[in-house]
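Since every read-out is calculated from the coordinates, none of them should be taken as a lab result. For clarity, every value in this text was computed on a predicted model and none was experimentally measured. Here the Cβ is made from the backbone with ideal geometry for all residues, glycine too, and neighbour counts use every protein chain on show.
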Amino acid sequence: MVQDEAITPENHVLSHWLLCVGRDRDRQAFAKLFQHYAPRLKTYMRKLGSDGAVADDLVQEAMLTVWRKAEVFDPAKASAGTWIFTIARNLRIDRFRREGRPEVDPADPLLVVDDRAGADDALATRQSGDRLRQALHTLPGDQAKVVELSFYEECPHVEIADRLGIPLGTVKSRLRLAMSRLRAALGDDVR
């Protein structure tokens, strides 16, 4: 089911119009359905990622399908809105499958992986990590423990205070002091 619609007088009227289209090929009832659902279907198609022209095409196709297949609509199985939105959704899926995904050009410069850049980045990351570990070893034990719990174990400050049996303000001041010392030790490597 695409939309969860409550049984309301409006839904009853919409279902009645759809039944009239199916039973009598009632053009006025279809015009009312079109007027009601076309803008909603277009919004739905846009939310699903279709651009304006494709959304318009899908709405036209959906409403044409409603006209052609209205006689199979069963209000005991679904509301008019659910039935119509399901048709539209299925048409969009069919179009996506039919058109497929765009061809990928393996020579596209945006898709070429530069292995050298990856190796350079990995080396720089490893070197920064080594410098950070060395700087952490220079911190006093109480500050190092708070940094470890906060950044490596991702504990909230309140939990750190509970685990270490210290006030929350002390946790925050130790972190602030530790970060100042780390900034001073690392210099330009701090990001």
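Counting neighbouring beta carbons within 10 Å and listing from fewest to most, the residues GLU99, GLU61, GLU10 come out as GLU99, GLU10, GLU61. Can you tell me which lysines have their Cα less than 30 Å from the Cα of LYS172? Leave out same-chain residues fewer than eight positions away. Straight-line reach from LYS172, under 30 Å: LYS145.
The phi-based Karplus calculation (6.51 cos²θ - 1.76 cosθ + 1.60; θ = phi - 60°) puts the 3J(HN,Hα) values of the stretch 161-178 at 4, 5, 5, 8, x, 10, x, 4, x, 5, 4, 5, 5, 5, 5, 4, 5, 5 Hz, whole numbers, x for Gly and Pro. Computed over the stretch 136-185, the P(r) curve from all C-alpha pair distances, binned at 10 Å from the origin, holds 29, 59, 12 percent per bin. Which trypsin sites (Lys or Arg not before Pro) does the stretch 29-102 hold that lie in a coil by DSSP with at most 13 other beta carbons within 10 Å? Sites meeting the loop and neighbour criteria: LYS77. What you get for the stretch 1-94, charging only the Cβ of Lys and Arg (+1) and of Asp and Glu (-1), is a dipole of about 60 debye around the Cα centre. 3J(HN,Hα) couplings calculated from phi for the stretch 147-156 with the Karplus curve 6.51 cos²θ - 1.76 cosθ + 1.60 (θ = phi - 60°) are, in sequence order, 4, 4, 5, 6, 9, 8, 9, 6, 7, x Hz; Gly and Pro show x.
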